[in-house]
Structure formats: C-alpha cells, structure tokens
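Note sheet for the following structure.
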Amino acid sequence: IFVGNVPVREGFKLEKLKKQLKRMFAEFGEVESVRLRSLAIKATAVPTGSSHKLMRKVSTIKNSVETENSVCVAYVVFKSEDSASVAVENGSELELQGNHLRVDAVDAKGKSKLVDKTLFDRRSTVFVGNMPFDATEESVRDFFESKPGIEVKSVRLIRDPIKNTGKGIGYVLLGSNTMLLSALEVNGDKFLGRDIRVSRCQRSASEKGQPPPKKKAKGAARSQNTKAPSTGRAGRGVKSFQGTVASFADAKAARQRLRKKTAGKDSGKPGGKAGGKASGKTPKGGAKAKSGKGRK
C-alpha cells in the first residue's frame, strides 16, 4: 500500500520511522517490509561525477534530511492482499505524530488501484491553487475545516519530485459531495497570506470516454519544429535556430565557424581590424611628428 503525508521530524532516524509504521499497520495483518521514498535531503558529499540518485541514497543512510515542515511517502508490503484491503479501508482514520495519513492501494509498479472508490471521488474533491510553497497537508486541512459545513477526508499536495517542496497546488477530498458548494465559497479567501483559488475538479479523459493522449517520441517534437535552411548574404545555406532546440553537433559547428571568422580578422586579412592597423594607417600624433610640431 501507499502511505502519504508521513511526518519527518527533528531527530529523524530512518530505521526508527520504518519500525513505527510497521507497528502501526501490523494491526491489519502481517507486514513484510516498509520502504520510505521522496525524502527532502540535504546536500551530502559524494564522489565527483556521481548521480543525484546516489546522493539521495547516501543522504538517507546518513539521516541527512530536511525536518522543517517536511513529509515523505512510504510503501508498506503486506503478506496477504486481504490485509492490504483492510488497511486501505481504515487508513483515513490513522494519524502519526499529528499528521493524518493518506493510504491507497498500489500494484507492483506503484500505480494506484483503489479498493474503495470513494477515497478519491471527483464529485467530492476540489482543486486548490495559489497556495504558498511551504503549506502542509495539515495546515490546508485545518483551514478548510475551520469553515462552517466542511469536513475534510484527505488532502493531497503536489510536490516537486526531487526537492519534495510544494508547488502551490493540491486537492482536498471532502466528507461528501454535499459540502462541495461550501468549499467553493472559500475561493479568494486568505490562506497564509495568499488569496487561494478553489474550483471543481475537471473530468479526466477516461471519464469523458476519450482515449488518453499519446506521448510523443523524444525526436518527434524536434523534427516537427525544425525549419528549412535559409539563404545568407553570400549565398550559403544558413540554418535557422529560431523556435528550435539546437543539438550538440549544431552548437559545435557554430563555434567552429565563429573561431574561423575571428581568426581571419586577427590574421591581417583585408577588412579586419588587424589588417586595418597594418595597412599603413597613421597613428595619432604621427603627422605632427613628421612636420616638426610634435615631440623632439
């Protein structure tokens, strides 16, 4: 199962948090393993040329993570699928260190496969935008529940996959669809110093009966945006890069042309700066020196 909004507090220890989650979910069945992901790490020294993935791994092992308003996600693996189903059905009632956990069932690839379809019902969910980046799930929950006639079932904030910081947008699942109008009236209210936007969730392509959009190949977009070569003053074909993404080979060729052009000017060719100075131009004060009016 997927567990969201897991708190990361001061004095974070990787193994300690994993044991806490394992004890919490053991009441629903035997737990095989617990994995933590999406931790907001601090910069850690790694060998030169190492990938960001290695730095994340080293930082996590050394417990070098951000703990201010920080959360992560966890994957809990049960021995039986029935235990996972029970955990998802009762997951909305679980709290850890003051955070309401968000629980969902996932397959082996990490994709959601809801057991209870009401957990993410579009008709009972509102989209919230223009929030500050440091907003947390708990602060959003408290804000909506402070309004009359609104009960929050779960909150999901969209975060940066690398830094794990908020992007200022998220979704709030209400207790029922009858609370939707009350939640829409919150639109424009002040939340942590900003005027938030609250709107209905749009239907997805699958709900509209449309096929999902096809992903374009990496080279397809570049080939469609490439313009035909244009003709320069000297009649040579000059490739236009306006509105396109230049490749490494194109940039390398452009550098070589610039070096040849610069080398031609510096070598004393006619029309160049060096050539002009070497072509007999008289420096300042030269004429005065010849006429005897200059320095003796």
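The values are calculated or read from the model by the stated rules, or taken from the named source; none is laboratory data. Remember, predicted model here, so these are calculated numbers, not experimental data. Using ideal geometry, Cβ is built from the backbone for each residue, glycine included, and neighbour counts are taken over all protein chains shown. When the accessible area is computed, the model is the full protein with side chains, heavy atoms only, and any ligands, DNA or RNA have been set aside. Shrake-Rupley method; radii C 1.70, N 1.55, O 1.52, S 1.80 Å.
Per-residue answers, yes or no, for (1) open to solvent by 50 Å² or more (accessible area, probe 1.4 Å); (2) among the hydroxyl-bearing types (Ser, Thr, Tyr):
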position	(1), (2)
52	yes, no
65	no, no
70	no, yes
73	no, no
88	no, no
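Checked against (1) within 27 Å of the chain's Cα centre (by Cα); (2) modelled with pLDDT of 90 or more; (3) open to solvent by less than 50 Å² (accessible area, probe 1.4 Å), residue 110 passes all but condition (2).
Quick one: in region 126-142, of everything that is farther than 17 Å from residue 193 by Cβ and not in a strand (DSSP E or B), which residue is nearest to the chain's Cα centre (by Cα)?
First, pick out the residues of region 126-142 that are farther than 17 Å from residue 193 by Cβ: 126-127, 137-138, 141.
Keeping just the survivors that are not in a strand (DSSP E or B) gives 137-138, 141.
Values: 137: 18, 138: 21, 141: 23 Å.
Only one residue fits best here, namely 137.
Cβ-Cβ contacts under 9 Å between residues 6 or more apart (or on different chains), taken from a first residue in region 160-175 that is over 30 Å from residue 55 (Cα atoms) to a second residue that is acidic (Asp, Glu) and surrounded by fewer than 17 Cβ atoms within 10 Å (Cβ to Cβ), are listed as 173/121; 174/121; 174/151; 175/151.
Looking only at residues in region 135-161 that are among the acidic types (Asp, Glu) and surrounded by fewer than 18 Cβ atoms within 10 Å (Cβ to Cβ), which one is nearest to residue 39 (Cα to Cα)? Top of the filtered list is 160.
Filter region 94-107 down to the residues that are in a strand (DSSP E or B) and either at pLDDT below 75 or not aliphatic (A, V, I, L, M) (or both) and list them by number.
95, 99, 100, 102, 104
Regarding residue 86, is this residue among the β-branched types (Val, Ile, Thr), more than 26 Å from the chain's Cα centre (by Cα) and farther than 25 Å from residue 158 by Cα?
Numbers: among the β-branched types (Val, Ile, Thr): yes; more than 26 Å from the chain's Cα centre (by Cα): yes; farther than 25 Å from residue 158 by Cα: yes.
Spelling it out, residue 86 is indeed among the β-branched types (Val, Ile, Thr), more than 26 Å from the chain's Cα centre (by Cα) and farther than 25 Å from residue 158 by Cα.
Taking the conditions (1) surrounded by 14 or more Cβ atoms within 10 Å (Cβ to Cβ); (2) part of a helix (DSSP H, G or I); (3) modelled with pLDDT of 90 or more in turn, residue 82 satisfies each one other than (1).
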